[in-house]
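What follows draws every value from the coordinates through simple rules; no lab data is involved. Note that the coordinates shown come from a computational prediction; the quantities given were computed from them, not determined experimentally. Cβ sites come from the backbone with ideal geometry, for glycine too, and all protein chains shown count toward neighbours.
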């Protein structure tokens, strides 16, 4: 880092709100799609495609959550892996169900039914719940980032 960058870094002692960076990232990214996704197009996106997107969004959220305090790379990796594994995602999905709206429960059902090709180390129910969470996250990322942020803030991630 050059001295100009270091100076800017050091001068930036402003403490961001707990979720301000995450909210800004979530709000900006879907709007930068080549074109907005219409409700009809959204219906054409398969639950597995939504889960694919949701997996990436969820992992990014978890990585950002563990970014501070600074840690060794290996520690970051272990913390993130413990949260993105299917078993943990299934527990999270179970904990969120009481807070979901009817249309979100329908997305969860679609994600659960689309889950196939599970890894050998995970039982079918766990994999289905994990895929359901990823599907819900992918769907909310495309349709309602504020609601996604609200649900992600309910998670009890371990520091």
Mind checking the alpha-carbon convex hull of the stretch 27-159 and giving the volume per residue in Å³?
119 Å³
How would you rank 131-137, 68-74, 86-92, highest first, on the average number of other Cβ atoms within 10 Å across their residues?
131-137, 86-92, 68-74
What FRET efficiency comes out for the pair residue 123/residue 94, r = Cβ-Cβ distance, R0 = 22 Å, nearest 0.05?
0.95
Taking R0 as 35 Å, what FRET efficiency do you get between residue 41 and residue 74 from their Cβ-Cβ distance, rounded to the nearest 0.05?
0.25
Rounded to the nearest 0.05, what FRET efficiency do residue 158 and residue 103 have when you use their Cβ-Cβ distance and R0 = 30 Å?
0.50
